[in-house]
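Visitor: Below you'll find the structure I mean.
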Amino acid sequence: MSRDHAHVQEFFGARAADWDSRFPDDGPAYAAAVAELGLREGDRVLDAGCGTGRALPPLRTAVGPSGLVLGADVTPGMLQAAVRAGRDREGRLLLTDVSALPLRSRSLDAVFAAGLIAHLPDPAGNLRELARVVRPGGVLALFHPIGRQALATRQGRRVTPDDLRAEPNLRPLLAGAGWRMTSYVDEDHRFLALAVRGA
C-alpha cells in the first residue's frame, strides 16, 4: 500500500489511458454497488478516488438530474481518461486528494469509493475527512469489483492479516473515523463494505 501521493499518481498515471480496456466487464458490478447506497433523487454524492469515472453514470442515474455528482481523484491522467470517455457529463470532476476535500462540512449524502482504501496515505485521517463532508446518517461504500482473495491472486500476492479491508481491521478503523459499518461482503466477485456516518 502506498503512503506517497507521488507514487499513487505515477502508478495510476501510467495506466490511465488503457485502464477501462483492462477491466471492461466491471460496469454491472459498479452499478450494483451504487444501488446498495440507497441514493434518492436530488441526493449529493462524491465518488472519492473516481479514477476514469466508471461509477459516475450509475451515480447520476441514482440521484437524477436534480442531484449532485462529484468525482475526485489525485491523478490528472485518470480524470483526463474520464473526460475522454464522456463521463464528465455525468458529474463534476475535481483534481484533489481525499486528505483535504474542497467541500463544506456535512454537504453530501453519500460517498462511493472504489479501490480507494489501499491507496490512502493516512487511512484513519482520510476516512475522517470523508466523514467530515457527509451529513450525519449519510452513507459510505468501500467497493472493489472483486474480493480480497481474487485481487491478491490477480496481483500475485497473498492476503495478509494486516490487510485494511479485512473486517476485523476495517470495522474499528471506520469506527474511529466516525463511521458505523452496517454490512460487509468479501466474495470472489465483489468487495463491499457499507457504513453510516455517526451524529
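The values are calculated or read from the model by the stated rules, or taken from the named source; none is laboratory data. Computed from a predicted structure; not experimentally measured. When we count neighbours, we look across all protein chains shown, and the Cβ atoms used for this are built from the backbone with ideal geometry, even at glycine. Just so you know, the surface numbers come from the protein's heavy atoms only, side chains and all, with ligands and any DNA or RNA stripped out. Shrake-Rupley method; radii C 1.70, N 1.55, O 1.52, S 1.80 Å.
Visitor: Can you tell me which residue within the range 63-80, out of those that are open to solvent by less than 10 Å² (accessible area, probe 1.4 Å) and modelled with pLDDT under 95, is nearest to ARG40 (Cα to Cα)?
Guide: In this case the residue turns out to be MET78.
Visitor: Okay, next question. What's the number of the condition ASP26 fails, among (1) open to solvent by less than 30 Å² (accessible area, probe 1.4 Å); (2) at pLDDT below 95; (3) more than 17 Å from the chain's Cα centre (by Cα)?
Guide: Of the numbered conditions (1) open to solvent by less than 30 Å² (accessible area, probe 1.4 Å); (2) at pLDDT below 95; (3) more than 17 Å from the chain's Cα centre (by Cα), the odd one out for ASP26 is (3).
Visitor: Now, a different point. Taking the residues in the range 83-117 that are among the acidic types (Asp, Glu) and not in a loop (DSSP other than H, G, I, E, B) as candidates, determine which candidate is nearest to ARG190 (Cα to Cα).
Guide: Only one residue tops the list, namely ASP109.
Visitor: Hey, another quick one. How many residues are small (Gly, Ala, Ser), without any contact (Cβ under 8 Å) to a residue 40 or more places away in the chain and not in a helix (DSSP H, G or I) if we restrict to the range 136-176?
Guide: Qualifying residue count, the range 136-176: 2.
Visitor: Of all residues in the range 136-150, how many are out of contact with any helix residue (DSSP H, G or I) (no Cβ under 9 Å at 6 or more places or on another chain) and either open to solvent by 70 Å² or more (accessible area, probe 1.4 Å) or modelled with pLDDT under 95 (or both)?
Guide: 4
Visitor: Another question, then. Which of the residues belonging to the range 102-114 are farther than 20 Å from GLU41 by Cβ and touching a helix residue (DSSP H, G or I) at 6+ places or on another chain (Cβ under 6 Å)?
Guide: SER105
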